[in-house]
Amino acid sequence: MEAYDIVKNSRNADRWCASDYIKLLITDFLELHGDRKYGDDKAVIAGIGKLLDRPITVIGIEKGNDIVSRLEHNFGSAHPEGYRKAMRLMKEAEKFGRPVLCLIDTAGAYAGVDAEERGQGQAIAESLMLMSSLRTPVISIIIGEGGSGGALALAVSDRLYMLDDAYFSVVSPENCATILWKNNKYADKAADALKLTAVDLKEREIIDDVFKTASSAWDEKTINIYKEKLLTKLDKEYESLAKMPALDLVDMRYKKYRRIGRV
Amino acid sequence: MKFQGLLKPACNSLEDESEKNLDVRVCSRCGSSVLKSDLRANLYICPECNAHLMMRARRRIEILCDKSSFVEIDKGMESENLLGFPGYEDKIRAAKEKSRENEAVVCGKARIGGNPLYIFVMEPSFMMGSMGSIVGEKITRCFEKAIEEKLPVLGITVSGGARMQEGIFSLMQMTKVSAAVKRHDDAGLLYMALLTNPTTGGVDASFAMQADIILAEPGARVGFAGPRVIEQTYRKKLPDGFQKAEAVMECGFIDMILSRFDQKRVIASLLDMHKEEIDGGI
């Protein structure tokens, strides 16, 4: 697929969203609500469950997959409360030595008057700081759209993975084309230039690995094979991260991001 | 008057009134014509409408730091076209010519009111202060040096956000700098940010909003998303003063709004009052 086709495909409503992956991978999932400051942002779903035998905190940006659920989840564009709920539960995970899994699927943090007034930039900034030093293993997976700061806010992790048809970018190709070339019909050219596909980003060592995406068209047997593979991989990574002393883990995470764009 | 001619046009906001009359600039907010020399003496504040117009990084350093105290670091670092993005080399070349800087931030060690500190000042005439790898790297180094020497950091921001031409590398600078700010914070050291017009996008959503004390210039636009994007979701006219520093302060995200004439005094005083922490609690 061309880069821009990947971007367009990542926005399809019939794709698996965060809740689908949670259903597939996590047992006994209990959703928890609220940021304890203002409200409960439904663009972010978060809770505790088990990945195989391992208790885990899961945070996902949820788009929903029909018009009713898409409206309910604000099309996966979080307000500051969403990031604050995520931070609250990450700290709770750290307190109880539980690892964290983030599932990212957002065109971007919500751009609205209320979101700005409640500190969208501050919420993302705080999340980046918190995650950079969280003393528990964090794995993030970009499962669809990885749109700019709103996606990055949950992507600071020990392992950052992407599905093979997801994208991760500083700007949407449409906005990039509009800003640089005054016309969004060059979005395909912008998508190429931004190097935003999983393959491009793996090559540049921004992400650690690429996983296959799940398909609603699969039969039960295929889904089970897929599920086993993904669970085994995640379990193995959590196992090796859990063995590291917390300070070494944080130090490793620092170095991982420190080297990006270093001269 | 004696400075006249030393500085070429400072930025976009101060357009030359005409090719022939180079001594006069037009205020981008109220449209008044102001003598360049008067504007410079008035710290680039429009005498008619009090607009704090864009100002070069080096001029800010001159005004804020104690005389001859500024020692620049990492001056020579220059951007590369990491992604092979079309047209980026030309943009860098033009930005260098226009700004006479190698990148969109100037970093160094200095003293303010006798207090040693590290300072980074973003440069508006270099691609609107956009954050690419070198901006991220230089600011990160600034914090790392400050940690080593147990010193506070003052950051003066002006930025349209991340630099698109560096794609994911520019986005990742938000993480890199944030991690360094966190280490500086954990070391018990003071970080102050002074937000100037505009401080938006990826800079707002990282080190601009991470300071212990957040200062801003009057009327500075401070926010995450651009007004045009927000208008699309809001579907009516944005409220008066939306994303202006005064309104952002009302929302609880800015500590103090400071005119350019007060900045040095107040920053020096804040540094004084944090000295215990600077000296490691003694």
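What follows draws every value from the coordinates through simple rules; no lab data is involved. Every value quoted in this text rests on a predicted model; they were computed, and no experiment measured them. FYI the Cβ positions are ideal-geometry reconstructions off the backbone, even for glycines, and counts take in every protein chain you see.
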Determine the percent antiparallel among the DSSP beta bridges restricted to the range B:55-278, to the nearest 5.
-> 40 percent
Sequence order, the range A:58-75: Karplus ³J(HN,Hα) from phi using 6.51 cos²θ - 1.76 cosθ + 1.60, θ = phi - 60°, Hz rounded, Gly and Pro as x, gives 10, 10, x, 8, 9, 8, x, 10, 9, 4, 5, 6, 5, 5, 4, 9, 6, 6
Under 5 Å, built H, 5+ apart or other chain: amide partners of residue B:131 | B:161, B:162, B:163
Compute the distance in nm between two label points, each set 7 Å from the Cα along the Cα-to-Cβ direction, one at residue B:29 and one at residue A:252.
-> 5.1 nm
Modelled label reach - residue A:14, point 7 Å along Cα→Cβ, the range A:208-231 residues with backbone N closer than 11 Å | A:216-218
What are the residues whose amide H is under 5 Å from the amide H of residue A:44, where those residues sit 5 or more places off or on another chain and H is modelled from the backbone?
-> A:62
Calculate the dipole size of the protein assembly as shown relative to its Cα centre from +1 charges on Lys and Arg beta carbons and -1 charges on Asp and Glu beta carbons; express the result in debye to the nearest 20.
-> 880 debye
Taking the Cα-to-Cβ direction at residue B:228 and at residue B:255 and moving 7 Å from each Cα, how far apart do the two end points lie in nm?
-> 3.6 nm
Could you check the simple spin-label distance between residue A:209 and residue A:32, using points 7 Å along Cα→Cβ, in nm with one decimal?
-> 2.7 nm
Principal axis lengths of chain B from Cα atoms, whole Å, largest first?
-> 58, 43, 42
Going toward the positive end of the dipole of the protein assembly as shown, with +1 on Lys and Arg Cβ and -1 on Asp and Glu Cβ, which of B:174, B:139, B:82 do you reach last?
-> B:139
Provide the per-residue ³J(HN,Hα) series for the range A:239-255, in order, calculated from phi with Karplus coefficients 6.51, -1.76, 1.60 and θ = phi - 60°, each as a whole number of Hz, with x at glycine and proline positions.
-> 4, 6, 5, 5, 6, 7, x, 3, 5, 5, 4, 5, 5, 5, 5, 4, 5
Kindly provide the Kirkwood hydrodynamic radius of chain A in Å, to one decimal, from all pairs of distinct alpha carbon atoms.
-> 18.6 Å
Cα gyration tensor, the range B:127-221 - rounded (a/c under 1.5), prolate or oblate = oblate
Subtract the Cα-Cα distance of residue B:50 and residue B:262 from 0.36 nm times their separation in residues, and report this length gain in nm to one decimal.
-> 74.9 nm
Ranked by how many other beta carbons lie within 10 Å on average, peptides B:199-209, B:132-142, B:161-171 from highest = B:199-209, B:161-171, B:132-142
Checked the range A:118-251 with the C-alpha gyration tensor, a ≥ b ≥ c its square-rooted eigenvalues, rounded below a/c of 1.5, otherwise prolate if a/b is larger than b/c and oblate if not; verdict oblate
Determine the calculated [θ] at 222 nm for chain A from helices alone, applying -39500 (n - 2.57) to every DSSP H run no shorter than 4 residues and normalising by the residue count; nearest 500 deg cm²/dmol.
-> -13500 deg cm²/dmol
Cα-only radius of gyration and Dmax that characterise the range A:55-200, units Å | 15.6, 50
Ranked by Cβ crowding within 10 angstrom, fewest neighbours first, how are B:248, B:71 ordered?
-> B:71, B:248
Can you name the helices of chain B, as whole DSSP H runs, whose Cα span along the helix axis is 24 Å or more and whose Kyte-Doolittle mean is not below -0.5?
-> B:167-186
Dimensions of the protein assembly as shown along principal axes (Cα, Å, largest first)?
-> 81, 59, 41
222 nm mean residue ellipticity, helices alone, for chain B (DSSP H n ≥ 4; -39,500 (n - 2.57); rounded to 500) | -10000 deg cm²/dmol
Signed unit charges on C-beta, dipole axis of chain B, positive-most listed residue B:53, B:200, B:32 = B:32
Residue B:236/residue A:221 FRET efficiency (R0 60 Å; Cβ-Cβ; nearest 0.05) | 0.70
How many angstrom lie between the C-alpha centres of the range B:154-195 and the range A:1-76?
-> 28 Å
Please state the equivalent ellipsoid semi-axes for the range A:1-45: what are the square roots of 5 times the Cα gyration tensor eigenvalues, largest first, in whole Å?
-> 28, 16, 7
Whole-Å distance linking the alpha carbon centroid of the range A:192-263 with that of the range B:36-107 is 39 Å
